[in-house]
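Taken together, the values in this text are just the output of simple stated rules run on the coordinates, not laboratory data. Note that the coordinates shown come from a computational prediction; the quantities given were computed from them, not determined experimentally. Cβ coordinates were reconstructed from backbone atoms using ideal geometry, including for glycine residues, and neighbour counts include every protein chain displayed.
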Amino acid sequence: MSQQYPIEANAEVTPPPPTDQLKEIDVNESLVLGASYYLLSDKWWTAFQRFSRMADSMDDKNYHPGPVDNSYLFESSSLVFRSSLVDRLHYVLVTEEQWNKLVSW
């Protein structure tokens, strides 16, 4: 079960520490029929995992991969997915709840 971080009304959302962020996103969960899933670029996901695992030992927190970036999944300058995308090689699937967390952090 993931830990909940209460949000006060009109308060800025403070994300959990990076190591806790990684614990809250389990890309190995079983898929549920009828549930919604989001594609997450494996390139960005790998950078996020690296940052989350090393953040406590780094003096400089500037290694965060930045906002979720799925541009790698699309043909250049279009909204068309690249051909031959492979699950776990080019992307991972996350739940809507996990996606919303990643975007908000």
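Please rank 91, 38, fewest neighbouring Cβ atoms within 10 Å first, as an exposure proxy.
Fewest to most other Cβ atoms nearby, the residues stand as 38, 91.
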Karplus-derived 3J(HN,Hα) from phi for the stretch 16-33 (6.51 cos²θ - 1.76 cosθ + 1.60, θ = phi - 60°), whole Hz, x at Gly and Pro, runs x, x, x, 5, 6, 4, 4, 5, 7, 10, 10, 7, 9, 4, 5, 6, 10, 4
Along principal axes, largest first, the alpha-carbon spread of the stretch 36-105 in whole Å comes out as 40, 25, 20
Amide H neighbours of residue 82 at under 5 Å, excluding residues fewer than 5 places away on the same chain, with H built from the backbone geometry, are 74, 75
